[in-house]
Amino acid sequence: MADTRRIPGGRRFGLILSAAPALWLLAFFVVPLAILVAWSFQPPGIVAALRPVVTLEAYRSTLSASSYWRVLARTGVIALTVAAVAVVLAYPIAYTLAFAARRRRNLVLTLALLPFLTSYLLRIYAWRLLLGTKGVLNGFLQAIGLIERPLPFFLYSRTAVVLVLIYVWVPWAALPIFLRLEQMDRTLIEAADDLGATRFRAFLRVTLPLSMPGVFAAFFFVMIPTLGDFATASAVGGSGGQMIGNIIQQYLNSLSYPSGAVLSVLLLATALLAMAIGAKLAGIRDVGDVRV
C-alpha cells in the first residue's frame, strides 16, 4: 500500500478522510454525552432547559434512594444472565457457520436471520402470545397434563424479560464469535489431530482458547445494550421485571431530566466498570487485543 506521505497532497487527503468519522463521533457521541453530564448537575425536578447552575443535589436525591440501587442490581443480574446464556447458545451457531459444509451453513444462517425480517416490537409481542396465561406454552402444559391451571409467572416477570432478551441477542452474539473462528489458523486443528487428539480435545485445547476474544466481544456486545434496555421490560416485564432503563424513560417522559441524567451516568459508569473488570480477567490490555 502506497505511503500517503509520498503522494502529493496525500497527507492532506488522509486528514480529510479521518476528519469525517471524527466529526461524526464528536457530533453524535461526545456532544450528547457532554449534554447528558451537564444535565446531571442541574437541580432535580422538572427542568425544561439547561441553566447556568451546577449542583450535586440531583445526585444526592437520586442515589440516596435504595429503590434505584435495587433496580440497578436487578438490571445487572439480568444483563449478565442474558449475556452468558446468549453466548453459550450462540457458540454452536457460530461454530456451524465457520466449519460446516456450505449447504448446512446456509440453512443455519437463514434460520438465524429469519426473525429479523419482522420488527423488534412485533417479535416482543409475539412472546406475549407465547407466555401469557392463555398463551401457547400454558396451553401446551395443560394439554399434556402437567398443570391444571395456567401459570401466571411466565409473563410480566424477570423470567420473561430474560427469555425474550436471550432470543433477541443470540444471533447478534454469534457474529463476533463466527468472525473470530473464521480468522483462526485451521492448521493448528490439523496439527492437534496429527498428534492424536480427539475432536473434542482439540476443541477444548485449540479452538475454544483461540476463540475467546470473540466470546469476550460477544459477551459485552450483548451485555452493554441489555443494561439500557427498556422496551422489552416494558412489554413483558411488569413490575417484577422493571429495569433501570424504564425508570430513566419515566423521568424523560415527566421532564425530570436531571434525575434521569444521573441514572444514565450511573448506568454508563457501571457498563465501563464491567468492561474494565472483564478485560482484566481476560488479560486484554487495549481494544486492539480483541480482534473479531
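Structure above, values below:
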read-out: The range 9-54: projected area of the alpha-carbon convex hull, averaged over directions, in nm²; value: 4.3
read-out: At least 30 Å along the helix axis (C-alpha) and Kyte average at least -1.0, DSSP helices within the chain; value: 66-99, 158-183, 257-282
read-out: Space enclosed by the convex hull of the alpha-carbon atoms of the range 58-284, per residue, Å³; value: 165
read-out: Separation between Cα centres of the range 85-134 and the range 188-253, rounded to whole Å; value: 14
read-out: Helical mean residue ellipticity (222 nm; -39500 (n - 2.57) per DSSP H run of 4+; nearest 500) of the chain; value: -22000 deg cm²/dmol
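Coordinate-derived values only; no laboratory data. Just so it is clear, the structure is predicted and the values come from calculations on it, not from any experiment.
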